[in-house]
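Remarks on the structure that follows.
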Amino acid sequence: MAPMVKGTAFITGGASGTSSITAVDVKKLIESTGIGKSTAIAFAQNGINSLALVDLNLSVLQKTRDEIQAGYPHVEVKTFHVNVADEASVEEVISKVVGFFGGIDIGINCAGISGTPTPTHLMSLVEWQKVIDVNQTGVWLCQRSLIRQMLKQESQGVREGRGVIVNVSSMFGVGGPPGPFSISHYTAAKHAVVGVTKMDAKSYAREGIRINAICPGFVDTPIIGEQIKSGSMNPQFETTPLGRPAHVEEISDVLLFLSSPMSSYMCGAALVVDGGYTV
């Protein structure tokens, strides 16, 4: 069977799909899988031969690298400690990845934080800005650097082009969460991810760069794993037609599809994968 993807993939949030991890969480995260890690594994299984994994949590990231290389020895994996909200850090890592692998064929902007749920009238500017910096500005900085690099690359054909970028937004990037969630910062940032995806998709499509977004619903990852176990999320699952959170592989499989030539006529899409929650 022909591989679905090939070349080099760059994945932010590659340790476990979140940048908001403290030292006490590391052991738990090493034993779990988030969207970024699951996507890296899916790529390794389906043809990618070079992976650049980016995260703030280098110890977890290195464990992810070791797991992938043990299971898929043909894949070369490089890890990078990067703050996606820092311009210089992003520019430097893209330069390093290109230096190691010669180019970047797929960029997955997955790094994000959930922030502290707080009603808007009680939220501080510091808390607001923290989420905006990572979830909105971080995606834009990475996308800008990826576009700059991909513009330098030769097209690999009509369906492959110069490169593919997929941004991870949220179902709350296309609709509003229930009032009690109190996540205006997260919702604003995820709407912005959809907006910049649509804008740049139209701007760079004819340059051979294809950009789309995925909007996941509730996913059983480290971000909400404890709430799922406690049962506090059950009212949300009861209003989801499929009646459960997504398994992380159900999200990474869609990211694999959006990164592959199978989705070559998709441009500027915000693909909702939420079990029907927002229908």
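Each reported figure results from applying straightforward, stated rules to the coordinates on display, with no laboratory input. Computed from a prediction, not measured in an experiment: that's the story for all the values here. Here the Cβ is made from the backbone with ideal geometry for all residues, glycine too, and neighbour counts use every protein chain on show.
The order of the peptides 4-10, 182-188 by mean Cβ neighbours within 10 Å, most packed first, is 4-10, 182-188.
Of the residues P235, G115, F257, the one whose Cα sits farthest toward the positive end of the charge dipole of the chain, with +1 on the Cβ of Lys and Arg and -1 on the Cβ of Asp and Glu, is F257.
Considering only A201, T8, S89, and ranking their Cα positions along the charge dipole of the chain that arises from unit charges at the beta-carbon of Lys, Arg, Asp and Glu, the one farthest toward the positive end is A201. Dipole check for the stretch 148-233: with +1 at the C-beta of Lys and Arg, -1 at the C-beta of Asp and Glu, and the Cα centre as origin, the magnitude is about 320 Debye.
Would you tally the net charge around T137, using a Cβ to Cβ cut-off of less than 10 Å, leaving T137 out, and scoring K and R as +1, D and E as -1?
Working: positive: none; negative: D86, E87, D133.
Counting the neighbours of T137, the net charge comes to -3.
Per-residue ellipticity at 222 nm computed for the chain from its helices equals -12000 deg cm²/dmol, with DSSP H segments shorter than 4 residues left out and the rest contributing -39,500 (n - 2.57).
Basic side chains Lys and Arg get +1 at the Cβ, acidic Asp and Glu get -1 at the Cβ, and with that the dipole of the chain about its Cα centre reaches some 440 debye. Working ranking of peptides 265-271, 92-98, 116-122 by packing, defined as the average number of other Cβ atoms within 10 Å per residue, highest first, is 92-98, 265-271, 116-122. Extension gain for the segment S95 to N234, taken as residue separation times 0.36 nm less the Cα-Cα distance, is 45.6 nm to one decimal.
The M266 and L242 beta-carbon pair, evaluated with R₀ = 30 Å, returns a calculated FRET efficiency of approximately 0.85. Report the antiparallel proportion of the DSSP beta bridges in the chain as a percent, rounded to a multiple of 5. Counting DSSP beta bridges with both partners in the chain, the antiparallel share is about 0 percent. Please check which bits of the stretch 246-277 a label hung off V158 would reach, taking the label as a point 7 Å along Cα-to-C-beta and the cut-off as backbone N under 18 Å. Counting backbone N atoms under 18 Å from the label point, the list is 260-267. Output the pairs from K130/K190; K63/K190; K37/K202; K37/K63; K78/K130; K96/K152 with a Cα-Cα distance over 20 Å in this structure; if there are none, say none. Long pairs (Cα-Cα over 20 Å): K63/K190; K37/K202; K78/K130.
Evaluated over the Cα positions of the stretch 82-190, the convex hull gives a direction-averaged projected area, one quarter of its surface, of 7.8 nm².
Where nothing but the Cβ of Lys and Arg (+1) and of Asp and Glu (-1) is charged, how large is the charge dipole of the stretch 30-153 around its Cα centre, in debye to the nearest 20? The partial results should precede the final answer.
Numbers: 9 positive and 12 negative charges, 45 e Å.
Once rounded to the nearest 20, the dipole reads 220 debye.
Once you list every other residue whose beta carbon is under 12 Å from the beta carbon of T197, what net charge do they have if Lys and Arg are +1 and Asp and Glu are -1? Walk me through the intermediate numbers first.
Values: positive: K190, K198, K202, R210; negative: D200.
The answer is +3.
What does the charge count around I41 come to, taking other residues whose C-beta lies under 9 Å from its C-beta (Lys +1, Arg +1, Asp -1, Glu -1)?
Numbers: positive: K37; negative: E67, E249.
Spelling it out: positives minus negatives among the neighbours equals -1.
Farthest toward the positive end of the dipole of the stretch 208-279, out of A269, V279, G217, is the Cα of A269, where the dipole comes from beta carbon charges about the Cα centre. Looking at the square roots a ≥ b ≥ c of the eigenvalues of the Cα gyration tensor of the stretch 65-137, which shape do they give, rounded for a/c under 1.5, prolate if a/b is larger than b/c, or oblate? Prolate, since a/c reaches 1.5 and a/b exceeds b/c.
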